[in-house]
Amino acid sequence: MSPVPASELEYEAEETMLVAEPEQLRALADGLRGRIVGLLRERAWSTQQLARELDVPKGTVGHHLKVLERAGLIRVVHTRQVRAVTEKFYGRVAKLFLFKAEDPEEGRALGAAALRDAAFHLERAPREAGSGWGMVLSRLSPRDVARFDRRLEKLLDDFRVADAAGGTPHRLVLAFWKAGDA
(Lines give C-alpha, C1' and ligand atoms only; values in the text may rest on other atoms or scores of the structure.)
Protein backbone atom coordinates (compact mmCIF):
# COMPACT_ATOMS: atom_id res chain seq x y z
CA MET A 1 0.00 0.00 0.00
CA SER A 2 1.42 3.40 -0.91
CA PRO A 3 2.14 5.90 1.87
CA VAL A 4 -0.21 8.79 2.50
CA PRO A 5 1.24 12.23 3.27
CA ALA A 6 0.78 13.06 6.96
CA SER A 7 -1.44 15.96 5.92
CA GLU A 8 -3.93 13.48 4.36
CA LEU A 9 -4.42 10.84 7.05
CA GLU A 10 -7.66 8.86 6.96
CA TYR A 11 -8.35 9.77 10.59
CA GLU A 12 -8.17 12.87 12.78
CA ALA A 13 -4.90 13.56 14.57
CA GLU A 14 -3.27 16.58 16.15
CA GLU A 15 -0.71 18.33 13.95
CA THR A 16 2.14 18.07 16.47
CA MET A 17 2.82 16.57 19.87
CA LEU A 18 5.73 17.28 22.19
CA VAL A 19 7.08 13.92 23.35
CA ALA A 20 8.87 14.69 26.60
CA GLU A 21 7.51 12.37 29.29
CA PRO A 22 9.97 9.65 30.33
CA GLU A 23 7.36 6.91 29.68
CA GLN A 24 6.84 8.21 26.13
CA LEU A 25 10.56 8.49 25.43
CA ARG A 26 11.20 4.98 26.76
CA ALA A 27 8.33 3.63 24.64
CA LEU A 28 9.84 5.11 21.48
CA ALA A 29 13.41 4.06 22.31
CA ASP A 30 12.48 0.49 21.33
CA GLY A 31 13.27 -0.27 17.68
CA LEU A 32 10.12 -2.26 16.93
CA ARG A 33 7.87 0.36 18.54
CA GLY A 34 9.66 3.02 16.50
CA ARG A 35 8.92 1.10 13.30
CA ILE A 36 5.27 0.68 14.34
CA VAL A 37 4.90 4.42 14.97
CA GLY A 38 6.60 5.09 11.63
CA LEU A 39 4.13 2.87 9.78
CA LEU A 40 1.21 4.53 11.58
CA ARG A 41 2.34 7.85 10.11
CA GLU A 42 1.19 6.55 6.74
CA ARG A 43 -2.25 5.18 7.69
CA ALA A 44 -4.13 3.20 10.34
CA TRP A 45 -3.04 -0.42 10.72
CA SER A 46 -4.50 -3.43 12.54
CA THR A 47 -2.42 -5.72 14.75
CA GLN A 48 -2.59 -8.42 12.10
CA GLN A 49 -1.49 -6.08 9.30
CA LEU A 50 1.44 -4.79 11.36
CA ALA A 51 2.51 -8.33 12.28
CA ARG A 52 2.49 -9.34 8.61
CA GLU A 53 4.35 -6.18 7.48
CA LEU A 54 7.01 -6.41 10.20
CA ASP A 55 7.26 -10.23 10.12
CA VAL A 56 6.68 -10.40 13.89
CA PRO A 57 4.13 -12.54 15.82
CA LYS A 58 0.75 -10.90 16.47
CA GLY A 59 1.20 -11.27 20.23
CA THR A 60 4.47 -9.34 20.11
CA VAL A 61 2.90 -6.55 18.05
CA GLY A 62 -0.10 -6.49 20.42
CA HIS A 63 2.20 -6.03 23.42
CA HIS A 64 4.06 -3.14 21.77
CA LEU A 65 0.78 -1.49 20.70
CA LYS A 66 -0.38 -1.56 24.34
CA VAL A 67 2.87 0.08 25.49
CA LEU A 68 2.49 2.84 22.87
CA GLU A 69 -1.20 3.30 23.71
CA ARG A 70 -0.49 3.55 27.48
CA ALA A 71 2.17 6.16 26.71
CA GLY A 72 -0.46 8.23 24.86
CA LEU A 73 1.31 8.03 21.49
CA ILE A 74 -1.25 5.98 19.55
CA ARG A 75 -4.95 5.22 19.82
CA VAL A 76 -7.65 3.09 18.23
CA VAL A 77 -8.96 5.18 15.32
CA HIS A 78 -11.58 2.75 13.99
CA THR A 79 -12.79 -0.82 14.29
CA ARG A 80 -14.16 -3.45 11.93
CA GLN A 81 -16.23 -6.51 12.73
CA VAL A 82 -14.71 -9.69 11.29
CA ARG A 83 -17.07 -12.54 12.11
CA ALA A 84 -17.23 -12.61 15.93
CA VAL A 85 -14.09 -10.53 16.45
CA THR A 86 -13.72 -6.76 16.52
CA GLU A 87 -10.55 -5.79 14.65
CA LYS A 88 -8.95 -2.59 15.96
CA PHE A 89 -7.04 -0.17 13.74
CA TYR A 90 -4.43 2.03 15.40
CA GLY A 91 -3.24 5.49 14.46
CA ARG A 92 -0.93 8.12 15.89
CA VAL A 93 -2.31 10.83 18.17
CA ALA A 94 -0.29 13.41 16.19
CA LYS A 95 1.05 13.64 12.65
CA LEU A 96 4.40 14.92 13.90
CA PHE A 97 6.21 14.08 17.12
CA LEU A 98 8.72 16.60 18.47
CA PHE A 99 11.14 15.20 21.03
CA LYS A 100 12.56 16.78 24.16
CA ALA A 101 14.61 14.66 26.52
CA GLU A 102 15.81 16.28 29.74
CA ASP A 103 17.90 13.24 30.60
CA PRO A 104 20.84 12.91 28.15
CA GLU A 105 20.68 9.12 28.51
CA GLU A 106 17.05 9.08 27.30
CA GLY A 107 17.94 11.38 24.41
CA ARG A 108 20.83 9.13 23.41
CA ALA A 109 18.63 6.00 23.58
CA LEU A 110 15.97 7.65 21.45
CA GLY A 111 18.55 8.84 18.91
CA ALA A 112 20.08 5.37 18.72
CA ALA A 113 16.63 3.84 18.17
CA ALA A 114 15.95 6.34 15.37
CA LEU A 115 19.23 5.43 13.69
CA ARG A 116 18.48 1.69 13.99
CA ASP A 117 15.09 2.36 12.40
CA ALA A 118 16.77 4.35 9.63
CA ALA A 119 19.15 1.42 9.02
CA PHE A 120 16.15 -0.95 8.84
CA HIS A 121 14.51 1.22 6.16
CA LEU A 122 17.75 1.96 4.29
CA GLU A 123 18.49 -1.76 3.90
CA ARG A 124 15.06 -2.21 2.28
CA ALA A 125 15.08 0.99 0.17
CA PRO A 126 15.13 0.78 -3.63
CA ARG A 127 18.61 1.12 -5.11
CA GLU A 128 18.44 4.29 -7.19
CA ALA A 129 19.99 7.71 -7.69
CA GLY A 130 18.96 10.40 -5.25
CA SER A 131 19.75 8.32 -2.19
CA GLY A 132 22.87 9.09 -0.26
CA TRP A 133 24.50 9.00 3.11
CA GLY A 134 27.71 9.93 4.80
CA MET A 135 29.46 9.84 8.14
CA VAL A 136 32.20 12.33 8.91
CA LEU A 137 34.32 13.03 11.97
CA SER A 138 35.41 16.65 12.46
CA ARG A 139 36.89 18.53 15.38
CA LEU A 140 34.63 21.53 15.98
CA SER A 141 34.80 24.67 18.07
CA PRO A 142 31.82 25.41 20.36
CA ARG A 143 30.78 28.11 17.86
CA ASP A 144 30.79 25.61 14.98
CA VAL A 145 28.82 23.10 17.07
CA ALA A 146 26.08 25.70 17.61
CA ARG A 147 26.13 26.68 13.91
CA PHE A 148 25.78 23.08 12.67
CA ASP A 149 23.07 22.37 15.22
CA ARG A 150 21.01 25.31 13.87
CA ARG A 151 21.60 24.22 10.26
CA LEU A 152 20.46 20.67 11.00
CA GLU A 153 17.29 21.92 12.70
CA LYS A 154 16.58 24.12 9.67
CA LEU A 155 17.14 21.22 7.26
CA LEU A 156 14.76 18.98 9.24
CA ASP A 157 12.13 21.75 9.27
CA ASP A 158 12.51 22.33 5.51
CA PHE A 159 12.24 18.60 4.80
CA ARG A 160 9.12 18.22 6.96
CA VAL A 161 7.39 21.24 5.36
CA ALA A 162 8.16 19.91 1.85
CA ASP A 163 5.80 16.93 2.41
CA ALA A 164 3.51 17.10 -0.63
CA ALA A 165 0.46 15.09 -1.65
CA GLY A 166 1.33 12.95 -4.65
CA GLY A 167 5.07 13.20 -3.99
CA THR A 168 7.39 10.22 -3.76
CA PRO A 169 8.10 9.18 -0.15
CA HIS A 170 11.65 9.88 1.06
CA ARG A 171 13.18 9.62 4.53
CA LEU A 172 15.76 11.87 6.11
CA VAL A 173 17.63 11.04 9.28
CA LEU A 174 20.20 13.33 10.86
CA ALA A 175 22.37 12.67 13.86
CA PHE A 176 24.90 15.02 15.38
CA TRP A 177 26.80 14.10 18.52
CA LYS A 178 30.02 14.62 20.36
CA ALA A 179 32.19 11.64 19.46
CA GLY A 180 33.76 9.79 22.33
CA ASP A 181 35.84 7.62 20.01
CA ALA A 182 38.18 10.22 18.50
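The values are calculated or read from the model by the stated rules, or taken from the named source; none is laboratory data. A quick note: this is a predicted structure, and the numbers were derived from the prediction, not measured. No Cβ is skipped: glycine too gets one built from the backbone with ideal geometry, and neighbour counts run over all protein chains shown.
Odds and ends about this structure:
- Candidates 129, 164: the one that is under 19 Å from residue 95 (Cα atoms), out of contact with any Gly (no Cβ under 6 Å at 6 or more places or on another chain) and either in a loop (DSSP other than H, G, I, E, B) or modelled with pLDDT of 80 or more (or both) is 164.
- Cβ separations smaller than 9 Å between residues 6+ apart or across chains give the following pairs from segment 74-89 residues that are touching a residue at least 40 places away in the same chain (Cβ under 8 Å) and more than 15 Å from residue 10 (Cα to Cα) to residues that are in a strand (DSSP E or B) and β-branched (Val, Ile, Thr): 87/79.
- Residues that are surrounded by fewer than 11 Cβ atoms within 10 Å (Cβ to Cβ) and in contact with a Gly (Cβ under 8 Å, 6 or more places away or on another chain) within segment 167-182 comprise just one, 177.
- So residue 35, is it within 13 Å of the chain's Cα centre (by Cα) and either of a type in the set (Val, Ile, Thr) or at pLDDT below 90 (or both): yes
Matching residues to (1) free of Cβ contacts under 8 Å to residues at least 60 places away in the same chain; (2) surrounded by 18 or more Cβ atoms within 10 Å (Cβ to Cβ); (3) closer than 24 Å to residue 157 by Cα; (4) in contact with an Asp or Glu (Cβ under 8 Å, 6 or more places away or on another chain):
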| site | (1), (2), (3), (4) |
| --- | --- |
| 16 | no, no, yes, no |
| 28 | no, yes, yes, no |
| 56 | yes, no, no, no |
| 62 | yes, no, no, no |
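- Remark: pairs (first residue in segment 148-159, surrounded by 11 or more Cβ atoms within 10 Å (Cβ to Cβ); second residue outside any helix (DSSP H, G or I); Cβ separation under 6 Å; 6+ apart in sequence or on different chains) = 152/174; 152/176; 159/172.
- Index of the failed condition, residue 141 passing every other in (1) farther than 27 Å from residue 123 by Cβ; (2) of a type outside the set (Lys, Arg); (3) touching a residue at least 40 places away in the same chain (Cβ under 8 Å): (3)
- From the list 161, 173, the one residue that fits, being of a type outside the set (Lys, Arg), within 25 Å of residue 31 (Cα to Cα) and within 19 Å of the chain's Cα centre (by Cα), is 173.
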